[in-house]
1. Which residue pairs have Cβ atoms under 7 Å apart, sit 6 or more places apart or on different chains, and have a first residue in the stretch 170-191 that is β-branched (Val, Ile, Thr) and a second that is surrounded by 15 or more Cβ atoms within 10 Å (Cβ to Cβ) and modelled with pLDDT of 90 or more?
2. Pairs, please: C-beta under 9 Å, at least 6 apart or cross-chain, first residue closer than 21 Å to residue 122 by Cβ and in the stretch 89-104, second exposed (fewer than 14 other Cβ atoms within 10 Å of the Cβ) and among the acidic types (Asp, Glu)?
3. Can you name every residue in the stretch 69-93 that is out of contact with any Lys or Arg (no Cβ under 9 Å at 6 or more places or on another chain), within 26 Å of residue 182 (Cα to Cα), assigned to a loop (DSSP other than H, G, I, E, B) and not hydrophobic (A, V, I, L, M, F, W, C)?
4. Suppose we filter the stretch 147-181 for residues that are part of a helix (DSSP H, G or I) and either among the β-branched types (Val, Ile, Thr) or touching a strand residue (DSSP E or B) at 6+ places or on another chain (Cβ under 8 Å) (or both); how many remain?
5. Would you point out which residue out of 160, 195 is in contact with a helix residue (DSSP H, G or I) (Cβ under 8 Å, 6 or more places away or on another chain) and at pLDDT below 95?
6. Among the numbered criteria (1) of a type in the set (Val, Ile, Thr); (2) touching a residue at least 12 places away in the same chain (Cβ under 8 Å); (3) closer than 16 Å to residue 7 by Cβ, which single criterion is violated by residue 53?
Amino acid sequence: MFQVRIHGRGGQGAVTAAELLSVAAFFEGRHAQAFPSFGSERTGAPVMAFCRIDDRPIRVREPVTRPDALVIQDATLLHQVNVVEGLTPGGSVLVNSPGDPDALGLTSLTGPVLTVPATAIALRHFGRPVPNVVLLGGLAALTGCVTIDSLADAVQGRFHGELGSANAAAAREAYAHIRARRRRQPTNPRGEPAHAQTD
């Protein structure tokens, strides 16, 4: 079972992101579930959403406490919430940030930590600072949990017309961004991926 925990703030679309990821997995013939956890429902308050993907029916229903991957929609949460709590050894972390991953203070993690300027990509493609779909494109490239084509289909099924096309294009840009970072990612002395550098 592959488990994802998404950390964001109210208004950033964390819940929608989890739902879209589950739909993309469903399109691939797999089982998936998505659900949110709200501490406060006001805009800007920390929000978590969860997604599980498996080839077999999923019977567990509690929140994801041992994620295989984390999506951080707002880098300021790194200083406010223990977002990496429970991350499995070697688990992947994707952060919405234009900066260098090593500057985020996550260098002690054993898995890949990558950044993508998701807000900037969202603004360029559809004029709103909502990073959720963009980050899903990056997550697909980072982990292979779903294909970018399945994700694009899920996005265009949720957002129709030009908005759907723009969101799908934004996800594809983030996918290409992370793929490029992964190709340039150095390895540590054990031959495992180390933290990648971004432009």
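The values are calculated or read from the model by the stated rules, or taken from the named source; none is laboratory data. In this text the structure is predicted, and so the values were computed from the model without any measurement. Please note: Cβ atoms are built from the backbone with ideal geometry, for glycine as well, and neighbour counts cover all protein chains shown.
1. Every condition considered, the pairs that remain are 178/114; 178/116; 178/138; 178/141; 178/142.
2. 98/199
3. Matches in the stretch 69-93: 82, 85, 89, 90.
4. Count: 6.
5. Just a single option satisfies the conditions, and that option is 195.
6. (3)
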